[in-house]
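The values are calculated or read from the model by the stated rules, or taken from the named source; none is laboratory data. Predicted model, so just to flag it, every value in this text is computed and none were measured. Ideal geometry is used to build each Cβ from the backbone, glycine not excepted, and the neighbour counts take in all protein chains shown. When the accessible area is computed, the model is the full protein with side chains, heavy atoms only, and any ligands, DNA or RNA have been set aside. Shrake-Rupley method; radii C 1.70, N 1.55, O 1.52, S 1.80 Å.
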Amino acid sequence: NWSVGDGESIIVVIDGSLTINGSMTIAGSGFVAFIVRGTISVSPTVGVPASSSTSVLDGIYITGSAFQTGASTNAGTERLVGTGSFIANSFLLQRDLDSSSANETTAAELFIYNPRLFLNLPDSMKEHHVTWQEVAP
């Protein structure tokens, strides 16, 4: 489990895949982003009970491939709740709340948008470099 403190900014760039085996939380004005070329996979052990809406994945997660939530195999971690922005070429939502009989009333994956992350975006992610060059007619 990993907690980003108030005022901390962490940007992780991965030229490969990422497997998340623990929770990622942010305190106060903290910021974390994962930019991944390959697949982002979440372990089935990362989650909360079906009745909970407590976030276990905070931050910005960007992949050029797939975001996989992992199958629900562990009692008590069936539901995946994420707060932030989740951007992927495709999503494979694999969670199932059948063991807690909540499939009909509760989403197995809950993604909550958090605009505060864009206010806390580090300057290095805000910069957009443009080169202007005059060309003779």
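Things to note:
- The single condition among (1) touching a residue at least 24 places away in the same chain (Cβ under 8 Å); (2) surrounded by 15 or more Cβ atoms within 10 Å (Cβ to Cβ); (3) among the hydrophobic types (A, V, I, L, M, F, W, C); (4) within 25 Å of LEU121 (Cβ to Cβ) that VAL48 does not satisfy is (4).
- The selection criterion, being closer than 30 Å to SER99 by Cα, touching a Phe, Trp or Tyr at 6+ places or on another chain (Cβ under 9 Å) and open to solvent by less than 20 Å² (accessible area, probe 1.4 Å), does not hold for GLY70.
- Look at the stretch 106-132: where a residue is outside any loop (DSSP other than H, G, I, E, B) and a partner is of a type in the set (Gly, Ala, Ser), sitting 6+ places away or on another chain with Cβ atoms under 6 Å, you get PHE111/GLY82; LEU117/GLY84.
- Of the residues making up the stretch 28-45, those that are open to solvent by 20 Å² or more (accessible area, probe 1.4 Å) and in a strand (DSSP E or B) are ILE35, SER41.
- Scanning the stretch 50-104 for residues that are of a type in the set (Ser, Thr, Tyr) and more than 17 Å from the chain's Cα centre (by Cα), we see that the one that is nearest to GLY28 (Cα to Cα) is SER52.
- Looking across the stretch 6-27, the residues that are under 22 Å from ARG79 (Cα atoms) and assigned to a strand (DSSP E or B) come down to LEU18, THR19, ILE20, MET24, THR25, ILE26.
- Test: SER53 is in contact (Cβ under 8 Å) with a residue 40 or more places away in the chain and surrounded by fewer than 21 Cβ atoms within 10 Å (Cβ to Cβ): yes
- The stretch 1-27 residues that are closer than 18 Å to ASN120 by Cβ and open to solvent by less than 60 Å² (accessible area, probe 1.4 Å), paired with ones that are among the acidic types (Asp, Glu) and modelled with pLDDT under 95 (beta carbon under 8 Å, 6 or more apart): ALA27/ASP6
- Test: ALA88 is more than 13 Å from THR39 (Cβ to Cβ), among the aliphatic types (A, V, I, L, M) and open to solvent by 10 Å² or more (accessible area, probe 1.4 Å): no
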